[in-house]
1. Could you say whether any residue in region 67-88 is within 10 Å of the chain's Cα centre (by Cα), more than 12 Å from V119 (Cβ to Cβ) and hydroxyl-bearing (S, T, Y)?
2. Of the residues A49, A75, which is out of contact with any Asp or Glu (no Cβ under 6 Å at 6 or more places or on another chain), among the hydrophobic types (A, V, I, L, M, F, W, C) and without any contact (Cβ under 8 Å) to a residue 24 or more places away in the chain?
3. Could you please find all residues in region 95-123 being of a type in the set (S, T, N, Q), open to solvent by 10 Å² or more (accessible area, probe 1.4 Å) and touching a Gly at 6+ places or on another chain (Cβ under 8 Å)?
4. Checking the structure you have, find out if any residue of region 60-67 is open to solvent by 50 Å² or more (accessible area, probe 1.4 Å), farther than 21 Å from S122 by Cα and at pLDDT 95 or above.
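The values are calculated or read from the model by the stated rules, or taken from the named source; none is laboratory data. Model, not experiment: these values are computed from the prediction. Because the Cβ atoms are built from the backbone with ideal geometry, glycine has one as well, and the counts that use them run over all protein chains shown. Keep in mind that these areas ignore ligands, DNA and RNA; they rest on the heavy atoms of the full protein, side chains included. Shrake-Rupley method; radii C 1.70, N 1.55, O 1.52, S 1.80 Å.
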Amino acid sequence: QVQLVESGGGPVQAGDSLRLSCAASGRTFSAYAMGWFRQAPGLEREFVAGISRSGRVTYYADSVKGRFTISRDNAKNTVNLQMNSLKPEDTAVYYCASALQESVRRADEYIGWGQGTQVTVSS
C-alpha cells in the first residue's frame, strides 16, 4: 500500500490554472494505477482523471476533458493534475487515489486515498 499526500490546492478565479501534486511513499508506486477524484459539499465523490501504471494511458471525466491533464513520474513517485480554464463548478476537495487495476473509475475500485486538497474557483 502507498501513502498519498496531496498539495497545490487553493483559491483561484474562473479561467485560472492550478496544478495539484500527489506524493506517494511506501510500496512500489509504479505498481499502481492512479487517479484523481473530487467531492463538492453535499455531493458524492466523483472521478476526475486516471492514469495507467506506466503513464502511457490516461482517461478523464467528460466534464474535465480538454481542460485537465493527469501525469505521473514514477522516478519521483508523484502524480500531478494540471487544471486549466477552471470553472466555479470545479470547486471541490480533490483526492489522489491508488488502484490495483487500470482504467477504473469507481471510487470503490481504489484502495488508497490521500487526505484531499481544497480547490475553490470564484467567478
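1. Scanning region 67-88, I find at least one residue that is within 10 Å of the chain's Cα centre (by Cα), more than 12 Å from V119 (Cβ to Cβ) and hydroxyl-bearing (S, T, Y), so the answer is yes.
2. A75
3. Of everything in region 95-123, those that are of a type in the set (S, T, N, Q), open to solvent by 10 Å² or more (accessible area, probe 1.4 Å) and touching a Gly at 6+ places or on another chain (Cβ under 8 Å) turn out to be S103, T117, Q118, T120.
4. yes
This table checks each residue for (1) of a type in the set (K, R); (2) touching a Phe, Trp or Tyr at 6+ places or on another chain (Cβ under 6 Å); (3) open to solvent by 60 Å² or more (accessible area, probe 1.4 Å).
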{"position": "G10", "(1), (2), (3)": "no, no, no"}
{"position": "A14", "(1), (2), (3)": "no, no, no"}
{"position": "R19", "(1), (2), (3)": "yes, no, yes"}
{"position": "Y32", "(1), (2), (3)": "no, no, no"}
{"position": "P41", "(1), (2), (3)": "no, no, yes"}
{"position": "V48", "(1), (2), (3)": "no, yes, no"}
